[in-house]
Ligand SMILES: [Zn+2]
């Protein structure tokens, strides 16, 4: 793990901090999946990373067309799935986020179940 302390960009090998930074600048430090603004706060900056659209685990290559700015939660949700296009990957990640948010919301309501109105 390499950290660029100017931007807190964390990129995994084989990307260098310079290569990661180039992709993040191109994408304005905004997660291309959920839209998180990596420049808005320290916490957001810490969350930013670079995603291999076609995963490295599936021989995805290190060229700009295969790399996008991505927050770590979206990166984790996307995992090693292979998609036909960026749009398909984005739809998948956003759907997963939505599912998780619904589960989280309903779990969170449990302790206060009596007070909450469904
Ligand atoms: Zn994101």
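What follows draws every value from the coordinates through simple rules; no lab data is involved. Everything quoted here is computed from the prediction, not taken from an experiment. A quick note on method: Cβ atoms are made from the backbone with ideal geometry, for glycine too, and the neighbour counts reach across all protein chains shown.
Here is how the numbers come out for the structure above:
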item	result
Cβ-Cβ under 8 Å pairs, at least 6 apart or on other chains, segment 58-86 side more than 23 Å from residue 45 (Cα to Cα), far side in a helix (DSSP H, G or I) and within 15 Å of the ligand (Cβ to nearest atom)	81/89; 81/92; 83/89; 83/92
Selection count, segment 73-96, where residues are outside any helix (DSSP H, G or I) and either within 11 Å of the chain's Cα centre (by Cα) or at positive phi (or both)	1
In segment 65-80, the residues that are within 15 Å of the ligand (Cβ to nearest atom) and surrounded by fewer than 14 Cβ atoms within 10 Å (Cβ to Cβ)	76, 79
